[in-house]
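J.: Quick one: the structure is below, and I'll ask about it shortly.
None of the figures in this text is laboratory data; all of them are computed from the coordinates on show. It should be emphasised that the depicted structure is a prediction, and the values quoted were computed from it without experimental measurement. All Cβ positions, even for glycine, are placed from backbone atoms using ideal geometry, and neighbour counts span all protein chains on display.
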């Protein structure tokens, strides 16, 4: 064993290991809002998904707009916006748990808070035509909600990309 002023090599090794571990934990203890926001988002997502499984709190959804939207012609490179209005036609709060676009060219925005009975809200999407070929495109969004009969809906839009 190697001795340095009364301290063994192995105890020095453990001391530096302990010091390194403490440094790592101390550096992670800062006020990083991204990390805490991510955790909050995960909790909210889990709560929304639990609402979809809770049959005692199922409600009804009424699509005020058609579930199909025709955006017409869009020049390549433009971003087109589309929206679908909906109403909670039931007696329990409506939870839109998830809205998933069918491809990477579309980004969806959904209501984060439950929609109270009789209340209305909007699901929005943005279609980026950059990188899309000229011609007709049909895009889909899958909506998961705590509703009777079905918990999955499909929203669709059509767009004609021009050069």
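J.: Which of the peptides 154-161, 98-105 is most tightly packed, and how do the rest follow, judged by the mean count of other Cβ atoms within 10 Å per residue? Please list the in-between numbers first.
T.: Numbers: 154-161: 18.5, 98-105: 14.6.
Highest to lowest by the protection proxy: 154-161, 98-105.
J.: Would you please give the FRET efficiency between residue 85 and residue 163, computed as 1/(1 + (r/R0)^6) with r the Cβ-Cβ distance and R0 = 41 Å, to the nearest 0.05? Display every interim value, and only then the final one.
T.: Values: r = 32 Å, r/R0 = 0.79.
Calculated transfer efficiency: 0.80.
J.: Going by C-beta contacts inside 10 Å, put 129, 66, 142 in order with the fewest on the left. Please list the in-between numbers first.
T.: Numbers: 129 21, 66 10, 142 14.
Ranked by crowding around the Cβ, least crowded first: 66, 142, 129.
J.: What ranking do 63, 84 get, fewest neighbouring Cβ atoms within 10 angstrom at the top? Present the calculation step by step, with values, prior to reporting the outcome.
T.: On the way: 63 16, 84 23.
Fewest-to-most ranking of 63, 84: 63, 84.
J.: Also: What spacing in nm lies between the two simple spin-label points modelled at residue 152 and residue 136, each 7 Å away from Cα in the Cβ direction?
T.: About 2.5 nm separates the two model spin labels.
J.: Also: Would you mind computing, in nm to one decimal, how far apart the modelled labels at residue 54 and residue 109 are, each placed 7 Å from Cα along Cα→Cβ?
T.: In this crude label model, residue 54 to residue 109 measures out at 2.8 nm.
J.: Express in whole angstrom the spacing between the alpha-carbon centres of the stretch 52-110 and the stretch 129-163.
T.: The distance from the Cα centre of the stretch 52-110 to that of the stretch 129-163 comes to 10 Å.
J.: Can you pull the one-decimal nm distance between simple spin-label points at residue 64 and residue 124, each 7 Å off the Cα toward Cβ?
T.: Result: 1.5 nm between the two label points.
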